[in-house]
Each structure stands twice: as structure tokens, then as C-alpha cells.
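Below is one structure, written out as C-alpha cells; the observations come after it.
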Amino acid sequence: MIDAATQVFNNDSFNESENTMTGFNKVVTSYEEAMAGLEDNMTIIAGGFGLCGIPENLIKEIKNKGTKGLTIVSNNCGTTAHGLGILLPEKQIKKMVASYVGENDEFERQMMSGELDVELTPQGTLAEKMRAGGAGIPAFYTATGVGTPVAEGKEVREIKGREYLLEESIKGDFAIVKAWKADTFGNLVFRKTARNFNPMAATAGKITVVEVEKIVEPGQLDPDEIHTPGIYVNRLIKGSFEKIIEQRTVRHPS
Amino acid sequence: MALSREQLAQRVAQELQDGYYVNLGIGIPTLVANYVPQNMEVMLQSENGLLGMGQFPTESEIDADLINAGKQTVTMATGASIFDSAESFAMIRGGHVDLTVLGAFEVDVQGNIASYMIPGKLIKGMGGAMDLVAGADNIIVTMTHASKHGDSKLLTECSLPLTGKGCIKKVLTDLAFIEIKDNKFHLLERAPGVSIEEIIKLTAGEMVVPEYVPEMQF
């Protein structure tokens, strides 16, 4: 075996194959490449809370691509002008799974007219559905939503004297994620509350695409500081971000 | 006189204890942070992934990556920690938060709460409210006692879709502080200058009124 390996190393063609080998390098250089393979009627899991920590350029690419009939799983659906909200005017979203959809007139209009199917899901249940989806857990019991409209059609089971709902986990054809920095292997570090749903979303996509503010070489991130290991990440792209603030609140220094 | 928003927040703040981890909902609950007693340390949990929420930033401190659950820019207090949404709700669902304060449209004598949807009118979603009411043991609901038209919000049975079932034990309204037990409201305190009769008139669900009902102290 050692001989065989040595032979490979000594083979002149090795250098050639090294050039085409990508190994763990997840970096892509265009948004077309990042979202390649996205088709009509797919399910996309998106990170972000409000407009904080959203994969804004990946969303723009979906808009440009014109993909339709999408099921989007994300805590919110952006605003009229930003985030996932930009997919509304051309009716690219067929169904939205979210915990809070306020502050978006076009969303409300499409929901009330029945053009858009909305599955309101409690925020903690939504996070856990993604986490479980990525962790190979098909469903879980939670007390959240018992006795409310969320419980409709779901199994209720009494465990140790309390009622719980059976909630199924979620997986996406794609997961779109925003992280702060990454190494080329796709190890991710998030920043402040822009972390939110992103780590769970990253685990729950068949194809997980991550956009980041900076990409460093493997070894430059302290393994102890990595929030999401690169095993979950398929494609990585460096973007530049608008980072729109929804509610700019300030105090005046006293 | 009915309590102002600030007085509601002040009265809730009297329920705080040193070392409490507290989740404050949007609206009046948020104001509670302004009335934490001087001799007390309280840590605020924001369900988007921040424990140890600080005050609003100055113009130069604004950071788009640092917001609270109301999507407002905030800062981090000393000793703050950041985590993802699953971890955040593990804290909430797991009963690790000492006090939750949130608003509501209606509560009833069974401890049910309706706070997230008015069918055909207001459909914004429950956000984290369903998880909060299901996971927390110590919850205070803050709301006005009745609508502008004088319709009671303290009912025998909630008329709106529920946020949680049988989970509310304390309600602070602009008129009264009320405990819910044994399928009844129990009048604990009244707002200064508000008569028991006025409270009874605006409470639709059955209410137990003790002989002496103290006024709230501020």
C-alpha cells in the first residue's frame, strides 16, 4: 500500500490532478454558481431574524433567477423592499412557513387574498424543526401550541401529566445562510444576533449555501470558536452586504 | 385613575427579584427595563439570541448585527452571551427564564391567553409568544382592562384564537392586579383611586373580591 501511494506521489500526472481537486474547498465565485440547481417548487430554509443576519445576496439571486412556486421556511418574510419580501411581487413564493409576518403590506395582501399559503409556526418550534431536520430527528414533542390553532391536525400526547404536540422536523432542498466569516472549508463563525436561525438552517439543507463577509484559509479560525462545522456547508461565497436596520433606536448620551 | 403605561411597567418591576433572568415582550413590557430597582441585578433575555440585553445604542454604537426581538438596535450588557434561536428557545421552553412579561388581547378565568391573532383583521403571527407562555412558570400579562368601547378583556372564555392554554396566573391591567386560580379571577390590588365597583363592572369573568383590596403603591 505504501508503495502504491509513493507511486502516485511520484507520478507526473499527480500535479495535474491536484489542480482539479477541490477537496474541502467550498468556495464559489458567482451567485449563479451558488444557487445552481434551484428549481421551481423547491423548499428553501433561510436564516435570519427580521433583516438581521439574512443571506441578502442569495435572496437577490433567487429573485433574478425567477424561480417560482417556492416553499420558504424562515422566521420572517422580510419587508416590502428588503430580504425575502423581494420575492413577493413576482409571486415566487407559494408557501411561507414563519413565526411572524407583520410589517409587510404585500405579504398581508397576498395572504388575505389566498394567493400565498402561510403556515404560522411558533418561533421556538420553528428553530427546533430546523435543528431536528438537520440532526436526523423526524419529529419531537413540545408543549408549545397545545390548545391553540397550531395544534390542529397534530397528535397530542400526555407525558408525565402534561400535554404535548408532535411536531415534524423540516428539511430543505436548499438552505441559504449568512455568516460573518468562514474558512474555505466552510467552517462558520457568526456575529452577534445575526446568528439567530442561521446555524440550524445550515444543518437542514440538502444543499447548504452560505454567504459571508470574509473568507480565511483553513487553520486561521480557532477550532474552538467555530459555531458551525464545515461538514454542513456545500457552497460558500463572499458577498458585500447592505445590512438594513428595521428599527433604528438610539439613546442620547447623557 | 387608570395606570399609565409607565405605571404599569413600574408595578411589574416591583415583581422583579435580584438575579432574575427576564424576558420582556414588545410594548409595555419593554418599559419594565427602565424601572429595575437600583439595588438589583436583572438580566434581560431577548429571544432572537441575546442574554444580557443592554440599553439602546448611541448613534456611534449602532450595529446592524445587534438587535432585540422587536428588531430594535440594542447593546449588550456586561456579562452578556449570544446564542442561536434553538438554544434561545431551549432556555425558554426548558423553564430557565425566571419571569416573562407579555401583552395580550384577552385572558380568561382558565388561564388561557389570546394575544396573536384577530381573524380577518390582524394576522401577524405568534413570534415567540406561544413558546414563552408554554415554557415559563412565572408569567405576568400586561394589558388594558377593557377595550376603548368598554368591552372587558378578562373573560369567562377567550373569544380569539389562543396563544396558550391554562398558563396564565397573573394579570396586571391599568385598573387592577389579578391572580387566576381555581377558574376564577382574584382581585389582589387596584390602581390608585379606582373603585372595586369599576373593576367589577369591567370584568366579564367571575372574580373573587376580598373584603379589603389595597391600592397599588408606587
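We did not get these values from a lab; they are worked out from the coordinates using the rules stated. On a predicted model such as this, the values are computed, not experimentally measured, just so you know. In this analysis, Cβ positions are derived from the backbone assuming ideal geometry, glycine residues included, and neighbour counts consider all displayed protein chains.
Antiparallel DSSP bridges in the protein assembly as shown: what percent, to the nearest 5? Of those bridges, close to 40 percent are antiparallel. When chain B is treated as a Gaussian network with alpha carbon springs shorter than 10 Å, the biggest mean-square fluctuation among B:117, B:207, B:143 belongs to B:117. In the range A:65-185, the convex hull through the Cα atoms has an average projected area of 9.9 nm², a quarter of its surface area.
Counting every Cα pair in chain A, what percent are over 29 Å apart? Provide the component values of the computation, followed by the final result.
Values: 12020 of 32131 pairs.
Of the Cα pairs, 37 percent sit more than 29 Å apart.
Note on chain A: GNM, Cα springs under 10 Å; of A:169, A:99, A:113, the largest mean-square fluctuation is that of A:113.
Order of A:178, B:170, A:65, B:121 from fewest to most other C-beta atoms within 10 Å? Display every interim value, and only then the final one.
Numbers: A:178 33, B:170 20, A:65 15, B:121 7.
Listed from fewest to most nearby Cβ atoms, that is B:121, A:65, B:170, A:178.
With K and R counted +1 and D and E -1, the other residues having a Cβ less than 10 Å from that of residue B:143 yield a net charge of -1. Under Stokes-Einstein, with the Kirkwood radius over Cα pairs as Rh, the value for the protein assembly as shown at 10 °C and 1.306 mPa s is 67 µm²/s.
Between A:104, A:196, A:187, the residue with the greatest mean-square fluctuation in the GNM of chain A (Cα pairs under 10 Å linked by springs) is A:104.
With only alpha-carbon atoms in the gyration tensor, what are the semi-axes of the equivalent ellipsoid for chain B, in Å, largest first? Walk me through the intermediate numbers first.
Values: eigenvalues 177, 77, 49 Å².
So the equivalent ellipsoid measures 30, 20, 16 Å along its semi-axes.
Near the amide H of residue A:206, within less than 5 Å, lie the amide hydrogens of A:172, A:173, A:174, A:175, all on another chain or at least 5 residues away, with H placed in the peptide plane.
Mind scanning A:154/B:165; A:91/A:238; A:243/B:71 and naming the pairs with a C-alpha gap bigger than 22 Å? Walk me through the numbers before you get to the answer.
Details: A:154/B:165 16 Å; A:91/A:238 28 Å; A:243/B:71 13 Å.
In this structure, A:91/A:238 exceed 22 Å between Cα atoms.
Counting Lys and Arg as +1 and Asp and Glu as -1 over every other residue whose Cβ lies under 12 Å from the Cβ of residue B:63, the net charge comes to +1. Per residue of B:43-51, other chain Cβ atoms within 10 Å of the residue Cβ number 4 on average.
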